[in-house]
Every structure is written in C-alpha cells, then in structure tokens.
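Peer 1: Structure provided below as structure tokens; questions to follow.
Every number in this text was worked out from the coordinates using simple rules, so none of it is lab data. Remember, it's a predicted structure, so these values are computed and weren't measured experimentally. Cβ: placed from backbone, ideal geometry, glycine included. Neighbour counts: every protein chain shown.
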Amino acid sequence: MPDEIVAKKLHIPELGERGIDIPYYEIKGRREGPQLTALAGVHGTEYASIAAAREFVRDLDPDAVSGTIVVVPIVSVTSFWARSPFVVPEDGKNLNRCFPGDPNGTFTDILAHHVFETFIRGADFMVDMHCGDLPEALEPLAIFEESPVTDASREMAIAYGLGHIVHQRAELQTGGGRSYGSASQIGIPGFVAESGQKGLLERDAIDRHVAGLTNLARFVGVLDGDPWPRREVREHRGVRTLRAERAGWWESSVELGVPVEAGDLLGTLSEVWGSGVMQIRAPEAGTPLFLTTNPAVSFDGVLLGIALD
Ligand SMILES: [Zn+2]
C-alpha cells in the first residue's frame, strides 16, 4: 500500500451502541477528473470481491490518478464480522435491496442511506463488486438496469470485461433497492460486477475483478493508461430468478454458462423427510448464470438464475 493512501472512516453515530465505522479509501489525483466509486462487501461474506478491492488499492499508483477514486472494501462491516451471508445481522434485511436508504428506517435502511449519500451521490460513475455468496456459485457477469443512463452503464459494464452482460429489463426485476439501480436513477451510471463464489478466495476470480476495476478506471478517465480493446461479451435481455415453491432439498443438474432449452431439467427439490420429488424445469430458453449450491432451501429461496438471450 503506498504510504499516502490512508483509510478514512465513515462514522455512523446512530447505528449500534457507539455507532459504527466504515473504513474506505479516497485517492485524489493531482490532476482534475471525475470520481469513480467502487463498493465491495455490500454482502459481507463475498470475499473474492472484497479481496479484489483491497488489492486494487494496495497496488494503486496515486500519481496515475486524475480526479478521485473512492474504494469501500467492506460496506457491510457487521455482516463481515458476523459472517452473515445476504443479510445484515441486526435486522435481517438485504442491504442491496435497501438503497437509497431511509434515515428513519431500521439498521440496514440507515446504513444504506449513509452509504448512498457519502459514496454514491457525489460520484460520476460507480461499480458494486460482488460474487456468489457463501452458498452460491456463478459465472462471471455484470448487470445494469434500465435508467436515464442505460447506455453509459452498459458501456461501463462491457469495459469491466466479464463474460456475460445482463441488461435487466424492468419486467424481470424482483424488487428495487439495488445500489447501482438507485445510482443510475439519479443519473450516475453504474452496474454490479460478479466474479467469485462460495466464500472462496479463488485467484482467477479475484484477478478478474482487479483487472476489470483497473480497466473501468481507465475507461472512465480516472486512471492513466489505455483501456484494453473491447472484449467479446454475451449480452442478455435480463435474468430470471427461479425460487422454491416450498422448502426442500435442492440439487441442481445444470452446468453454469451452458444454455438450456425450455422444459429442460434444471434440478430437483425433494422433501427432506419424505419421498416427494419436484422436478424444476426451465420455463424458457436461456443460460444459467448463478445457482444455490447448498441443498437446504427454504420457501421462496433462490434456486438459480437464468439469463435470457
Ligand atoms: Zn452480493
């Protein structure tokens, strides 16, 4: 880590007994330029993306920055220390369904409000770095939503260089409140970048994030160096998330990234104590890009996500 890069802290006094601190890095260049904000650890057990944010800052040359790069390696610090996948332990809410937040809500709403106002509102561009959570596998992908800045968000997502790009149409969206969706609704282009899975620190997954963030920073003009030539990506018109109609024992039978046809078997959901087996079939053709890898799935739990061509 260069000596001049020192972590600052966002202090949120109204959370917890003494408030909570969210450490972050703000690297200001000597030349004028835009602000890029990179979040990681909105889900506190998505370690590959957190590792990548840490490594990006460690290897960053401040002299190569024009404008400002803000990196928050672990947004949800209490989820990180509690090793709590998906949700914030204090109130059980998913932080990435709570943006832009509510200062009068519960713990996660207040956290989202401060994160949004401090790191997102003043930015010109943003990326939210994620990976498959503890019980989740995925193919590297980027997702952006329809917004007043759809085209700019798409260009940024492509610049990150992951294999699959999903333009999430409004009709396929389940709930709002995602960081990048809320950002783009106020005119800040953004997207989610996903690489890594299952709580593992897989080297290639981390490298993919570091390379993607570096290229994105070059692409938007906050970091010296030419962005790489545009990479081949597969674009999808949305991702449909299949959920469990009842609690059960889930076993998938798909290979991520390999297209399926309508009606193909995706997996089975069995009774945990009993012989009933429900076959889960593809409602339409598409490409499975993420899935739950643990067998225990509660009612309405995520089984897998299929990107639609
Ligand atoms: Zn996540």
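Peer 1: Could you give the length gained on full extension between Asp59 and Glu155, defined as 0.36 nm per residue of separation minus the Cα-Cα distance, in nm?
Peer 2: 32.1 nm
Peer 1: Over all Cα pairs of the range 237-309, how is the pair count split among 5 Å bins, expressed in % and running from 0 up to the last occupied bin?
Peer 2: Histogram of Cα-Cα distances, whole percents per bin: 4, 18, 30, 25, 15, 6, 2, 0.
Peer 1: I would also like to ask the following. Which residue, Pro100, Pro135, Pro189, tops the fluctuation ranking in a GNM of the chain built on C-alpha contacts under 10 Å?
Peer 2: Maximum fluctuation in the GNM of the chain, among the listed residues, is at Pro135.
Peer 1: Taking neighbour counts of Cβ atoms within 10 Å as a proxy for exposure, in what order, fewest first, do Phe290, Phe219 appear?
Peer 2: The order, fewest Cβ neighbours first, is Phe219, Phe290.
Peer 1: Right, next: How do Tyr47, Tyr25 rank when sorted from fewest to most other Cβ atoms within 10 Å of their own Cβ?
Peer 2: So the ranking, lowest neighbour count to highest, is Tyr25, Tyr47.
Peer 1: In terms of the ratio Rg/(2.2 N^0.38 Å) built on C-alpha atoms, what value belongs to the range 8-235?
Peer 2: 0.93
Peer 1: How far, in degrees from 0 to 90, does helix 47-58 lean away from the longest principal axis of the Cα atoms of the chain, to the nearest 10?
Peer 2: So the helix axis and the longest Cα principal axis differ by about 10 degrees.
Peer 1: At R0 = 35 Å, how high is the FRET efficiency between Asp300 and Glu26 if r is their beta carbon distance? Nearest 0.05 is fine.
Peer 2: 0.35
Peer 1: Spin-label point model (7 Å from Cα, Cβ direction): what's the Asn104 to Trp273 distance in nm?
Peer 2: 4.6
Peer 1: Continuing with the same structure: In deg cm²/dmol and to the nearest 500, what is the mean residue ellipticity at 222 nm of the chain if only DSSP H runs of at least 4 residues count, each as -39500 (n - 2.57), divided by the residue total?
Peer 2: Value at 222 nm, helices only: -6000 deg cm²/dmol.
Peer 1: In nm, to one decimal, how far is the Arg240 label point from the Ala82 one, both placed 7 Å along Cα→Cβ?
Peer 2: 3.4
Peer 1: I've got another one for you. To make sure I understand, if each residue's beta carbon is the centre and we count other beta carbons within 10 Å, what order do Arg246, Arg30 fall in, fewest to most?
Peer 2: Arg30, Arg246
Peer 1: Between Asp309 and Thr118, what FRET efficiency follows from the Cβ-Cβ distance if R0 is 30 Å, with the result rounded to 0.05?
Peer 2: 0.20
Peer 1: Separation between the Leu172 and Glu255 pseudo-spin-labels, each 7 Å from Cα along Cα→Cβ, expressed in nm?
Peer 2: 2.3
Peer 1: Could you give the length gained by full extension between Glu232 and Glu4, i.e. 0.36 nm per residue of separation minus their alpha carbon distance, to one decimal place?
Peer 2: Computed gain between Glu232 and Glu4 is 78.4 nm.
Peer 1: Using only the alpha carbons of the range 186-309, what is the convex hull's orientation-averaged projected area in square nanometres?
Peer 2: 10.3
Peer 1: Provide the descending list of Cα extents for the range 1-59 along its principal axes, expressed in whole angstroms.
Peer 2: Rounded to whole Å, the extents work out to 40, 26, 23 Å.
Peer 1: So, by mean Cβ neighbours within 10 angstrom, what's the order for 106-113, 56-63, 248-255 with the highest one leading?
Peer 2: For the peptides 106-113, 56-63, 248-255, the packing ranking is 106-113, 248-255, 56-63.
Peer 1: If you don't mind, there's one more thing I want to ask. Suppose we keep just the DSSP beta bridges with both residues in the chain; what percent of those would be antiparallel, to 5?
Peer 2: 60
Peer 1: Now a separate question. Seen from all sides and averaged, what is the projected area of the convex hull of the Cα atoms in the range 67-188, in nm²?
Peer 2: Averaged projected hull area, Cα only: 8.0 nm².
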